[in-house]
Ligand SMILES: Cc1cc2nc3c(=O)[nH]c(=O)nc-3n(C[C@H](O)[C@H](O)[C@H](O)COP(=O)(O)O)c2cc1C
């Protein structure tokens, strides 16, 4: 019996690990390589209909830290460990008509693996709502198993795209209406962690027909400046913008977001993302309620894997399977969400004395 097999949003995954929407899933070549390596599914690099041109410099940097001099930097130093990725890459610059035959071939080659098409359009007109439908229909027609709506890219220029729309409940509703009325596959909604109204956004998405929330996209952040050169570690003509932090550095924050959603909607599906680079991180997402795990930075960083995490997926599968065997669980469903009841309000945690009343002044 395959203990790693899982059903998520009605789709059969041979294992719960999938590559997130990002460079590891930007081309047919990489996606086929990823499936050969054993990933249970992929979310394509986000596909859109609007023009895309990336900045004239590196799109992603990897930041490292060390025990001896524990500063974070992309500078090459000995004895360092990975801290995070930082990127300001836009969505796919490959047009839809080139994506479609590739997606069809991928699905024909690996019919048992799940292909989720990440899509993005604007939100400022009926035409843009049609673009969401158009993208979804096109991807489903070539065999994609689900659609992920990108409402979370933290560095879109257009104010009606990506994370810029994630606080707007009317827009979330309209986009879901446009997509759910166009296709009948599961719709995942990828939200930004950079909002104080995440639970409200998730509620609207679920109520409007989302099968799952994908959390988290990268956290809006700035790259560091080198005090010697006075240059940002990534810049073009001396300029930077807010970009996205990913990798191990965002793990704890991503877990908290997943926990918030999972506690508010315990019966709903969540795909967990943010800092997964081995079993222990994946385990933490599962116990907080994720039924599916997405990986980006750790796969991109694996040397010799072409940026698709060949050793990583083997290790993830081996270590999760080993854990389920040793603990005699039949699948991740038995541990999914078990931490939910143990994440409580601060006031519910026992104090050393009984006298503390939560910080309120008692009127005399
Ligand atoms: C270079 C780069 C490009 C990305 N592009 C996309 C994208 O096109 N669409 C999207 O939804 N997320 C995109 N992401 C975000 C990832 O899918 C993922 O949510 C994030 O990196 C957190 O996961 P991690 O900690 O495993 O890297 C990108 C991330 C990186 C590093």
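Read-outs throughout are calculated quantities, based only on the coordinates presented, and are distinct from any laboratory measurement. Computed from a predicted structure; not experimentally measured. No Cβ is skipped: glycine too gets one built from the backbone with ideal geometry, and neighbour counts run over all protein chains shown.
Inter-part distance, segment 338-364 to segment 11-54, computed on C-alpha centroids, equals 44 Å.
For the peptides 232-239, 168-175, 357-364, 182-189, residues were scored by their other Cβ atoms within 10 Å and the scores averaged per peptide; the highest-first order is 182-189, 168-175, 232-239, 357-364. Distance between the pseudo-spin-label points of residue 105 and residue 253 (7 Å out from Cα toward the beta carbon): 3.9 nm.
Highest mean packing comes first when the peptides 197-205, 301-309 are listed by Cβ atoms within 10 Å, giving 197-205, 301-309.
Take every DSSP beta bridge whose two residues both sit in the chain; close to 40 percent of them are antiparallel.
Under 20 Å from a label point set 7 Å out along the Cα-to-Cβ vector of residue 77, the amide N atoms of segment 209-236 belong to 222-235.
For segment 6-348, report the translational diffusion coefficient in µm²/s to the nearest whole number, using Stokes-Einstein at 10 °C, 1.306 mPa s, and a Kirkwood Rh over Cα pairs. Using the Kirkwood radius from Cα pairs, D works out to 78 µm²/s.
Between residue 50 and residue 141, the contour length at 0.36 nm per residue exceeds the alpha carbon distance by 30.7 nm. Extension gain for the segment residue 200 to residue 66, taken as residue separation times 0.36 nm less the Cα-Cα distance, is 44.3 nm to one decimal.
Label sites at residue 222 and residue 354, each approximated as a point 7 angstrom past Cα along Cα to Cβ, lie 5.2 nm apart. Label sites at residue 335 and residue 160, each approximated as a point 7 angstrom past Cα along Cα to Cβ, lie 4.6 nm apart.
Put simply, the convex hull of the Cα atoms in segment 130-234 casts, on average, a shadow of 8.0 nm². When each of the peptides 279-286, 347-354, 325-332 is scored by the mean number of other C-beta atoms lying within 10 Å of its residues, the order from highest to lowest reads 279-286, 325-332, 347-354.
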